Amino acid sequence: MGVKITDSVTWVGKVDWELRRFHGHELSTHRGSTYNSYLVRDEKTVLIDTAWTPYAQEYVDSLAEEIDLNDIDFVVANHSEVDHSGALAELMKRIPDKPVYCSANGAKMLKAQMHRDWNFKIVKTGDKLDLGSRQLIFIEAPMLHWPDSMFCYLTGDAILFSNDAFGQHYATEVLFNDLADRDELYQEAIKYYANILTPFSKLVPKKINEFLGLNLPLRFICPSHGVIWRDNPLQIVEQYARWADDYQENQVTIAYETMWNSTRRMAEAIAAGLRNFDPTMKIKLFSLSASDKNDVVTEVFKSKGLLVGSSTINRTVLSAVAGFLEEIKGLGFKNKKAAAFGSYGWSGESVNIVTTRLKEAGFQVVNDGLKSYWNPDRDMIAKCREFGETFLK
Ligand code: FEO
């Protein structure tokens, strides 16, 4: 059933309460997600985005209860990723000749994913679609977060349909930010930015300034996931500007994996050293195999510094550490300090490998790391504390 946003705009999306993994198994979604789709009714009717493939039938059936599908004049596909365009294939079976508005990359990518050739209408920034008393203005947003990504803005109602930008993987019964649990909403918004948008941070302020430069009134930001920003919609824009600017809190994250607790004991002693040097510093410790990877990434995003520990096994690092280092390399964090530590019994390569990988990932590695031969004794525990203090200095 649709939910009215304004007299002319209705949310016709799908709340996915069950989703716990997204992008295959790459991204955790502890609070589910929503696939937001919007119907704009003026003299002409336009549908903006659809829903994820497994819900295609349910989505189209539900949409058909909201409107006679033949009354839809235009479809807008802001982004070809299947969480928004998966149901397009099912919809277009019912209305095969209706025009589909998308970016040039959008048409190319939809064809490559769906193997269909619909009535594509390619639009670029500034192009307008007349709906009658309102217009839809298109704004390309390449690499936020795919090459095809696009926003559109509805005049009159002053709504920015921002697709993935400003979204959250957050299933709720309430559709608006002022009705949502503020802490949960913030947590999901920052996790979304940290894990999905960090690689594109340089583009974020440019796109924000481009949109603000248009001097368009703004009543709502309607993203394609999570709640709609109705109360002070610019708050999430301002937050994005802060997050895009090499965001840091007064925090250090320690991420480690251990075989027989030696590296864990090092991690805890390093944390004690950090705390001793600066009791105001937020310190977060994570065993990488016991923790959710994306939650750890979110904490790294918030941190000034990262300490990564691994025992040595088979002349390399533990597999959870290897995966984590690959993940943070891809995200391309900027302006963060780092160092490595770990225990060993034979050859002891792990610390050097972690140090190299951290440098490759763009971290400013501040020393050569700290190794413990087998279990840390009292002297080594003291060295770990000192290592933590020196790291903060
Ligand atoms: Fe990039 Fe929500 O899809």
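The values are calculated or read from the model by the stated rules, or taken from the named source; none is laboratory data. Just so you know, these numbers come straight off a predicted model, no measurement behind them. Glycine gets a Cβ as well: all are built from the backbone with ideal geometry, and neighbour counts include every protein chain shown. These accessible areas exclude ligands, DNA and RNA; they are computed on the full protein's heavy atoms, side chains included. Shrake-Rupley method; radii C 1.70, N 1.55, O 1.52, S 1.80 Å.
Summing charges over neighbours of L175, with a neighbour being any other residue whose Cβ is under 11 Å away from its Cβ, gives 0 when K and R count +1 and D and E count -1.
Within the assembled protein chains, the solvent-accessible surface assigned to F211 is about 20 Å², based on a 1.4 Å probe. Take the Cβ atoms of M114 and H30, set R0 to 25 Å, and the FRET efficiency comes out at 0.25.
Once you order the gyration tensor axes a ≥ b ≥ c over the Cα atoms, which shape class does the range 273-393 get: rounded for a/c under 1.5, otherwise prolate or oblate by comparing a/b with b/c?
Working: a/c = 1.56, a/b = 1.06, b/c = 1.47.
The shape class here is oblate.
Annotation: lysines with alpha-carbon distance below 19 angstrom to K191 (same-chain offsets under eight excluded): K202, K282, K284, K293, K302, K304, K329, K334, K336.
When you count the other C-beta atoms within 10 angstrom of each residue and take the mean per peptide, 153-166, 329-342 line up highest first as 153-166, 329-342. Across the chain, Cα pairs under 8 Å and at least six residues apart give a relative contact order of 11 percent. Accessible surface computed residue by residue for the chain, with neighbouring protein chains in place and a 1.4 Å probe, gives 43 Å² per residue.
Calculated mean residue ellipticity, 222 nm, the chain: -10000 deg cm²/dmol, from DSSP H runs (n ≥ 4) at -39500 (n - 2.57) each, averaged per residue and rounded to 500. Largest accessible area first, the listed residues W146, W346 line up as W346, W146 when surface is computed with a 1.4 Å probe on the assembled protein chains.
Taking GluC sites (Glu not before Pro) in DSSP loop states with no more than 12 other Cβ atoms inside 10 Å as exposed sites, the chain has its longest site-free stretch at 250-393. Note on the chain: percent of Cα-Cα distances in each 10 Å bin, starting at 0 and stopping at the bin with the largest distance, equals 5, 22, 27, 19, 14, 9, 3, 0. Ignoring aspartates and glutamates fewer than eight residues from K111 along the same chain, the ones with Cα atoms less than 14 angstrom from its Cα are E81, D148. Of the whole protein surface, D183 contributes about 120 Å² of accessible area at a 1.4 Å probe radius. Sorting Y59, Y186 on solvent-accessible area from highest to lowest, probe radius 1.4 Å, gives Y186, Y59.
Tell me the trypsin sites (Lys or Arg not before Pro) within the range 88-167 that lie in a loop according to DSSP and have at most 14 other beta-carbon atoms within 10 Å. Could the numbers behind the result be given before it?
On the way: sites: K93, R94, K108, K111, R116, K121, K124, K128, R134; in loops: R116, K124, R134.
Answer by residue number: R116, K124.
Solvent exposure of D295, expressed as accessible area, is near 50 Å², computed with a probe of 1.4 Å over the protein chains only. When the solvent-accessible area of the chain is split by element, carbon and sulfur atoms take up 49 percent of it, the probe being 1.4 Å.
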